[in-house]
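For reference, the structure is listed below as structure tokens.
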Amino acid sequence: MIGLTPKQAECLAFLKSYTAENGGVSPTVREIMDAIDLASSAGVQRLLKALEERGLIRRLRQRARAIEVLLPAAGAPLDLAALSVAELTALSDRVDAVLRQRATGAVA
């Protein structure tokens, strides 16, 4: 995620978390606007366009809630320095949860 502005990283983190929490359903432009504190939907559209150009999301035109977050290829190195604080925190929380599960024998 090299080259993302702080707002782009915040938008991407919100898209990931919202989609995960809502069964794969993506947020509306208005929900994104409110979540990342933007004043207009045009600002959200610019952020989404930039994320799409970088290959981080895919959008279906003329469809509501049609934003797909694209994951890096399996085995691709993770550039921790390029992650936002929110993304690092989420990653750390996930690693902690997996380690706790493994310690209790819940995960192989």
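Restricting attention to segment 49-60, the residues being exposed (fewer than 13 other Cβ atoms within 10 Å of the Cβ) and not in a helix (DSSP H, G or I) number 3.
Results for (1) polar (S, T, N, Q); (2) loosely packed, with under 10 Cβ neighbours inside 10 Å; (3) at pLDDT 85 or above; (4) on the phi < 0 side of the Ramachandran plot, shown as yes or no for each residue.
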| position | (1), (2), (3), (4) |
| --- | --- |
| Ile67 | no, no, yes, yes |
| Ala73 | no, yes, no, yes |
| Leu83 | no, no, no, yes |
| Thr89 | yes, no, no, yes |
| Arg94 | no, no, no, yes |
| Leu99 | no, no, no, yes |
| Thr104 | yes, yes, yes, yes |
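Given the criteria in contact (Cβ under 8 Å) with a residue 60 or more places away in the chain and within 13 Å of the chain's Cα centre (by Cα), does Leu4 qualify? Before you say what the answer is, go through the steps one by one.
Values: in contact (Cβ under 8 Å) with a residue 60 or more places away in the chain: yes; within 13 Å of the chain's Cα centre (by Cα): yes.
Yes, satisfied.
Scanning segment 21-48 for residues that are of a type outside the set (A, V, I, L, M, F, W, C) and not in a loop (DSSP other than H, G, I, E, B), which turns out modelled with the lowest pLDDT? It would help to see each step written out before you state the result.
Filtering segment 21-48 down to residues of a type outside the set (A, V, I, L, M, F, W, C) leaves 21-24, 26-28, 30-31, 34, 37, 40-41, 43, 45-46.
Imposing the further condition that a residue be not in a loop (DSSP other than H, G, I, E, B) reduces the set to 21, 30-31, 34, 41, 43, 45-46.
Working: Glu21: 91, Arg30: 95, Glu31: 96, Asp34: 96, Ser41: 94, Gly43: 95, Gln45: 95, Arg46: 95.
Only one residue tops the list, namely Glu21.
Determine if segment 3-20 includes at least one residue that is surrounded by fewer than 16 Cβ atoms within 10 Å (Cβ to Cβ) and at pLDDT below 85. Yes, some residue in segment 3-20 is surrounded by fewer than 16 Cβ atoms within 10 Å (Cβ to Cβ) and at pLDDT below 85.
The values are calculated or read from the model by the stated rules, or taken from the named source; none is laboratory data. All figures in this text were calculated on a predicted structure; none of them were measured in a lab. Cβ atoms come from the backbone with ideal geometry, glycine included; neighbour counts cover every protein chain shown.
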